[in-house]
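Only one structure is covered here, and it is reproduced in the block below.
The values are calculated or read from the model by the stated rules, or taken from the named source; none is laboratory data. Since the structure is predicted, the reported quantities are computational estimates derived from the model, not experimental observations. All Cβ positions, glycine included, derive from the backbone under ideal geometry; neighbour counts span all protein chains shown. Accessible surface areas use protein heavy atoms only, side chains included; no ligands, DNA or RNA. Shrake-Rupley method; radii C 1.70, N 1.55, O 1.52, S 1.80 Å.
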Amino acid sequence: IEDPGSAVTNIDLSYIHDNLRGSRLQAQAYYYDIGAREFPFDGRNGGFLNSISYGEFESQAYGGRLQIETPITQSLELLWGADYRNERNERVLDILDPVAFDQGVGRPTGNQRTQDPPYFLDQIGLFAQLQWELSPSFTLSSGIRQEFLGLNVADYTTLNGDNIEGGAVDFDATVFNIGTV
């Protein structure tokens with residue numbers, strides 16, 4: 001088995017244009033990959049799985065955001081744009097051979113269990129927010145955001161050994177906000 005630890009790759013690119021036809025444009029693109037290996041857990045004496053397990057977590061995502069700040073009047077500004085995120089996560093446990101583990105080898109048996117089922121998430125958001133500076137010490141803001149989400153869960157085997165059929169679902173929501181400073 002591999003030594004416990006984690007590895008993270010994170011790439012973030014940003015672009016800002018302060019005066020694009022009177023508006024301020026901000027664009028961002030990102031990617032990350034996280035992998036974490038845990039210490040083996042000996043649950044043979046009354047543990048949940050009654051076995052020795054060794055877990056690994058994998059998470060990957062990429063996405064971007066485009067945001068534009070457009071002044072309408074001296075005291076009124078519109079912030080609008082869109083963002084996108086594609087994400088994949090999974091946590092798998094390898095069941096270790098107890099005889100090999102006791103001999104200090106820690107060899108996987110080939111039996112894996114899913115602690116967190118593998119899932120894929122696609123998310124698109126469109127947003128707009130007005131900010132009104134009523135005075136130097138009082139600002140009112142209000143906005144709307146439309147979310148479109150797609151969730152896909154792969155088939156998996158639970159910690160107890162039950163086979164679960166995955167599936168996909170799409171949903172959306174409109175959310176509002178209002179605030180003062």
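Express the carbon and sulfur contribution to the solvent-accessible surface of the chain as a percent, rounded to the nearest whole number, probe 1.4 angstrom.
Result for the chain: 54 percent of the exposed heavy-atom area is carbon or sulfur.
When only Cα pairs under 8 Å and 6 or more residues apart are kept, what is the percent relative contact order across the range 77-160? If you can, show how the numbers build up before the last one.
Numbers: 159 pairs, mean separation 28.1, N = 84.
Computed over the range 77-160, the figure is 33 percent.
Over every pair of different alpha-carbon atoms in the chain, take the mean of 1/r and invert it; report that Kirkwood radius in Å.
20.3
Which whole-number percentage describes the relative contact order of the chain, with Cα contacts under 8 Å and a sequence gap of 6 or more?
15
Using a 1.4 Å probe and ignoring any ligands, DNA or RNA, find the accessible area of Thr158 and quote it in Å² to the nearest 10.
30
Just going by the charge dipole of the chain, with Lys and Arg at +1 and Asp and Glu at -1 on Cβ, which of Asn50, Trp132, Gly5 is farthest out on the positive end?
Farthest towards the positive pole: Trp132.
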